[in-house]
1. Has region 64-83 got any residue that is free of Cβ contacts under 8 Å to residues at least 12 places away in the same chain, assigned to a helix (DSSP H, G or I) and farther than 21 Å from Arg38 by Cβ?
2. Taking the stated definitions as given, is Leu92 in contact (Cβ under 8 Å) with a residue 40 or more places away in the chain and either surrounded by 12 or more Cβ atoms within 10 Å (Cβ to Cβ) or basic (Lys, Arg) (or both)?
3. Of the residues in region 52-63, how many are in a helix (DSSP H, G or I) and open to solvent by 50 Å² or more (accessible area, probe 1.4 Å)?
4. Find all pairs meeting these conditions: Cβ atoms under 7 angstrom apart; at least six residues apart or on different chains; first residue within region 109-130 and among the hydroxyl-bearing types (Ser, Thr, Tyr); second residue open to solvent by 50 Å² or more (accessible area, probe 1.4 Å).
5. Would you check if Leu98 is assigned to a helix (DSSP H, G or I), open to solvent by 50 Å² or more (accessible area, probe 1.4 Å) and free of Cβ contacts under 8 Å to residues at least 60 places away in the same chain?
6. Does Val37 satisfy being at pLDDT below 90 and part of a helix (DSSP H, G or I)?
Amino acid sequence: RASAKQRRGRAGRVQEGLCVHLFTSDAEQSPFTVPEVRRVPLEQLVMRTKSLHMGAAADVCADLPEPPEREAVEASVRELRSLGALTPCENLTDLGKLLAKLPIDARLGKLIVLGLCFGAADETLTMAAT
């Protein structure tokens, strides 16, 4: 609802305009959009905090204005450990340092890196793109 109201305010700024929003009658309207940090996987955020040496991922995320659930952060840390990007002490491995630099999901990043290592770059890039 807040997003629609903001867009309505933009109509007519440059020239006369009209803003129309169509919603289904049974669509439940929440007053505000859920913050992105609560909607998306946190692996990229965890790797970024680790590459910047900011401390434990759960503690850093807890200090955010709209912190994600602690369980979501812990699940992301477990996922990164299973990918080989984090050590048990939550330090980045060599693979983790490389994945933290890539602007894609950690799983796809590992797929691409391993594809390059095994000489299958074209195939893994095609799989990652689809």
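1. yes
2. yes
3. 2
4. Thr124/Leu111
5. yes
6. yes
The values are calculated or read from the model by the stated rules, or taken from the named source; none is laboratory data. These numbers come from a predicted model, not from an experiment. In this analysis, Cβ positions are derived from the backbone assuming ideal geometry, glycine residues included, and neighbour counts consider all displayed protein chains. Note: accessible area is taken over every heavy atom of the protein model, side chains too, but ligands, DNA and RNA are not part of it. Shrake-Rupley method; radii C 1.70, N 1.55, O 1.52, S 1.80 Å.
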